[in-house]
Structures are given as C-alpha cells and as structure tokens.
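Step one of this worksheet: look at the structure below.
The values are calculated or read from the model by the stated rules, or taken from the named source; none is laboratory data. Bear in mind that the values here come from a model prediction, so they are computed numbers and not experimental data. Ideal geometry is used to build each Cβ from the backbone, glycine not excepted, and the neighbour counts take in all protein chains shown. Note: areas computed on protein heavy atoms with side chains; ligands, DNA, RNA excluded. Shrake-Rupley method; radii C 1.70, N 1.55, O 1.52, S 1.80 Å.
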Amino acid sequence: MTARLCHFTDIEQVIAPLIAVYAQVREPLLHLPNYAVPTFAERIQRHGTEPGFQAVLAFDSEDLPVGYAYGNTVESDDRWWTRMGEVDAGFTRSPAFALKEIGVTVPHRGTGLARHIHDELLARRSEAYVSLMVNAAAGDGKVQRVYESWGYQVIGTSQPSPESPLLAAMIRPIVAAAEGPIR
C-alpha cells in the first residue's frame with residue numbers, strides 16, 4: 001500500500017484529520033482516561049502551539065488518514081525532560097525534538113509505514129536528538145523493541161500524568177547515519 005505523506009506546521013490545518021486517525025489507531029484503548037479522544041484533543045491543541053510543532057500525516061488512495069506522527073522542539077528546562085528525573089546534560093544542552101505521538105491504522109501495521117512517517121518527520125529537523133516516550137508494556141515490549149531497532153536507547157522513565165502508564169524515555173540522534181552507541 002502506498003501512502004501520500006503531508007507535512008503540517010499549523011495545528012488548525014491538521015487537527016481534524018489528526019484526531020480522526022488517532023481515534024482509529026488507539027481504538028482499543030479509548031476507554032482509558034489517558035487515551036480518550038477528548039484528552040488527546042486537549043493534548044494536541046496544546047502541543048500544536050508549542051515551538052517547532054510539526055506533524056506528518058499519511059493518506060491512502062481515497063485521501064483518508066492512515067498514519068501520523070507529530071512533535072515539537074524542547075529546550076533543556078522543558079517539562080519533557082524534567083519529569084524524566086536525571087537526564088545526561090549532553091542530550092539537553094541544545095534543543096531536541098520530542099516525538100509526542102506516532103501511529104498507523106491496523107491495515108498498515110507491519111508495512112514499514114510508521115518508519116517511513118517517522119523518517120519523513122525527522123528529515124526536516126535541525127535538532128541533534130529526537131526523544132520519545134513509550135509504554136514499555138505495549139505489545140508485551142514489542143513497541144519498545146521496534147524503537148530500539150530504529151536506534152533509540154532508554155535514558156529514563158516518566159509518568160506524564162497520574163492516568164498515564166509508566167513510560168520508557170528513549171533518545172537517538174536525528175541523523176540516522178550518526179547512530180551508533182549513544183554516549
């Protein structure tokens with residue numbers, strides 16, 4: 001399946017299709033408070049106003065959204081870092097990109113679309129590092145292992161809200177060629 005990828009930096013242009021595809025991707029979890037659509041809508045509205053916001057959406061041949069990723073720039077004093085506890089200053093001394101969400105609909109899982117969206121999102125970033133948080137229990141650890149195969153390494157944990165599961169905080173260089181061990 002071929003998908004068309006589109007970049008967005010204006011939250012108002014992307015909010016409706018982003019919420020629609022989120023609801024499909026997270027459908028089995030929508031009954032949980034942290035994953036409920038209204039909770040996500042509030043989060044994405046806030047994230048969309050933060051510095052460096054960017055989203056990439058994938059659309060199928062019928063122009064329906066089938067995948068997405070978005071994030072924004074975070075500085076050293078951003079709550080993204082502070083809620084992780086002790087983080088190596090080498091990761092926070094300059095702005096980083098916080099990958100806030102990524103997902104694809106069920107028919108597109110296992111096709112490489114998520115990685116394609118991820119790489120397209122990072123292709124236009126100027127930050128040295130990208131960080132994300134993942135529920136280490138998701139898919140019995142499979143989701144975290146996917147990120148590890150993409151070059152991410154665990155640097156700590158975070159629980160963004162009381163309703164959120166404990167998340168593994170991960171990081172990698174933005175430029176894939178610069179991967180290798182993170183020091």
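Here are the numbers for this structure:
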read-out	value
From the options 22, 35, 68, residue that is among the hydroxyl-bearing types (Ser, Thr, Tyr) and modelled with pLDDT under 95	35
Residue list for the range 75-94, filter: among the polar types (S, T, N, Q), open to solvent by 60 Å² or more (accessible area, probe 1.4 Å) and part of a loop (DSSP other than H, G, I, E, B)	76
Breaking point among (1) without any contact (Cβ under 8 Å) to a residue 12 or more places away in the chain; (2) not in a loop (DSSP other than H, G, I, E, B), for residue 62	(2)
Meets criteria (among the hydroxyl-bearing types (Ser, Thr, Tyr), open to solvent by less than 50 Å² (accessible area, probe 1.4 Å) and in contact with a Leu (Cβ under 6 Å, 6 or more places away or on another chain)) for residue 35	yes
Breaking point among (1) touching a Gly at 6+ places or on another chain (Cβ under 7 Å); (2) in contact (Cβ under 8 Å) with a residue 60 or more places away in the chain, for residue 55	(1)
